[in-house]
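Trainee: Got a structure for you, questions after.
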Amino acid sequence: MTIEDIQALCHQFGGVTEDIKLGSHLCFNVGGKTFLFTSPDSVPVSASVKVPAEDFEAIISKEGFSPQGYVARYKWVHIDDIDRLSWQEWEFYLKQSYKLIAEKLPAKMRKELGV
């Protein structure tokens, strides 16, 4: 997987925007809220996604997954190398994170964004 592959997957979802946060993190957002943080300049390239609370402990027990510093209490998971996951796995985690973030947006905004 490459950042470009992940970028293509993210842009399949409605209302997705990109920006740079915290200096060098390429972030993907819906309604102004981030659902994916990436570190494209790190080696290996890493990323962080939000996961359901009920799945958090099981996910962080997998090799290469860990609680994301500062936001782990909100059930964000750090993936140490984007190559660790297949296209299908990335699609699953990105859809899940996108949905978790989009669900928290105001109803009017969700309707405008088509989410």
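The values are calculated or read from the model by the stated rules, or taken from the named source; none is laboratory data. Here the structure is a predicted model, which means the values were calculated and not measured. Using ideal geometry, Cβ is built from the backbone for each residue, glycine included, and neighbour counts are taken over all protein chains shown.
Trainee: If Ile79 meets every condition in (1) hydrophobic (A, V, I, L, M, F, W, C); (2) within 23 Å of Gly14 (Cα to Cα); (3) modelled with pLDDT of 95 or more apart from one, which number is that one?
Mentor: So the condition that Ile79 fails would be (2).
Trainee: Any chance region 90-101 includes a residue that's acidic (Asp, Glu), out of contact with any Asp or Glu (no Cβ under 6 Å at 6 or more places or on another chain) and within 21 Å of Asp5 (Cβ to Cβ)?
Mentor: Within region 90-101 (the criterion being acidic (Asp, Glu), out of contact with any Asp or Glu (no Cβ under 6 Å at 6 or more places or on another chain) and within 21 Å of Asp5 (Cβ to Cβ)), the answer is yes, since at least one residue qualifies.
Trainee: Filter region 64-89 down to the residues that are of a type outside the set (Ser, Thr, Tyr), assigned to a helix (DSSP H, G or I) and in contact with a strand residue (DSSP E or B) (Cβ under 9 Å, 6 or more places away or on another chain), then identify the one that is surrounded by the most Cβ atoms within 10 Å (Cβ to Cβ).
Mentor: Ile82
Trainee: So, one more: Name the residues in region 17-63 that are outside any strand (DSSP E or B), surrounded by 15 or more Cβ atoms within 10 Å (Cβ to Cβ) and touching a Leu at 6+ places or on another chain (Cβ under 9 Å), would you? Before the answer, list the steps.
Mentor: Going residue by residue through region 17-63, those that are outside any strand (DSSP E or B) are 22-24, 31-32, 40-45, 51-63.
The next check asks that each one be surrounded by 15 or more Cβ atoms within 10 Å (Cβ to Cβ); those that pass are 31, 40, 45, 51, 56, 59-60.
Within region 17-63, Gly31, Pro40, Val51 meet the criteria.
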